[in-house]
1. Can you give the longest run of the chain that contains no GluC sites (Glu not before Pro) sitting in a DSSP loop with at most 13 other Cβ atoms inside 10 Å?
2. Any idea what angle helix 18-27 forms with the longest principal axis of the chain, computed on alpha-carbon atoms, 0 to 90 degrees, nearest 10?
3. Quick check: the angle from helix 48-62's long axis to the longest principal axis of the chain, C-alpha only, nearest 10 degrees?
4. Please work out how much length the chain gains when fully extended from GLU134 to ARG147, using 0.36 nm per residue of separation minus the C-alpha to C-alpha distance, in nm with one decimal.
5. Can you give the net charge of the other residues whose Cβ lies under 14 Å from the Cβ of TRP89, counting K and R as +1 and D and E as -1?
6. What relative contact order, as a whole-number percentage, does the chain give when Cα pairs under 8 Å and 6 or more residues apart are counted?
7. With each run of n ≥ 4 DSSP H residues scored as -39500 (n - 2.57), what mean residue ellipticity at 222 nm is computed for the chain after dividing by its residue count and rounding to the nearest 500 deg cm²/dmol?
8. Measure nothing but the geometry: give the 0 to 90° angle between the long axis through the Cα atoms of 130-148 and the longest principal axis through the Cα atoms of the chain, rounded to 10°.
Amino acid sequence: MTGAKTAVEWLVSVAPDPEGCRWEWQRNPHGVVLLPAGRAWDVLILPGDLGYPTLDVLTRFLGQPGPVLVDFGDARMGFFVPPGTAARWLGTGIRAAGPGTWIVVPYPGRSTGGVRWLVPPDGSGTLTDPALLELAMHEAAAGLATRGEGGRAEDDGGLDH
C-alpha cells in the first residue's frame, strides 16, 4: 500500500462492496458505516479511562500511532492494530475485534454524533504495533494506579480530556 492512497480508499478497501460503502457514507445521517475487522486491521478496544493515557504514552513514543476511534461519551477507544492481533491478544478487560466482527467507522474528517476519530487514518496503512500498545497500556495503568493511591504522577498523562 502506498502513502498516496487516501484514508477513504484505505478504509473501503476492506468493504465487501466499496462503492456501496461510499454511497452509505454519503447517505447515512450519522456518517458511519460498518466495516469488517480482520482484513487490513484488527481493533483493540480499551476502556476510555485507560485509553486516553495510553494514547498519550503512545504519542510520546511514536509521534503518531495508527488510527484510533472513540465512541460517544468517550467510554471506549479502538486502536487499529495489524490483522491477527485479536486472535493472540490475552489482555484482561480489553476487547479484541478481528475476523467475523464489524466496526462502526465514521467518514474520515467528518464529525458525527457518536463514534469519531481521535487519530484518523492517513491512507498509508499505518497501524499501531501491538507490543508498543501493550507497553503503553502498562505505563498508563501504572500512572493511573499511582494517582489512585493518592500520589501525584509527574506527568498527568493529559487526563483532562
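1. The longest such stretch corresponds to 1-148.
2. Taking Cα atoms only, the helix is inclined about 80 degrees.
3. Value to nearest ten degrees: 90.
4. 2.7 nm
5. -1
6. Computed over the chain, the figure is 33 percent.
7. -10000 deg cm²/dmol
8. Approximately 40 degrees, to the nearest 10.
Every number here is computed from the coordinates shown, using simple stated rules; none is lab data. Just so it is clear, the model here is predicted, and its values are computed rather than measured. As a convention, Cβ positions derive from the backbone with ideal geometry for all residues, glycine included, and neighbour counts pool all protein chains shown.
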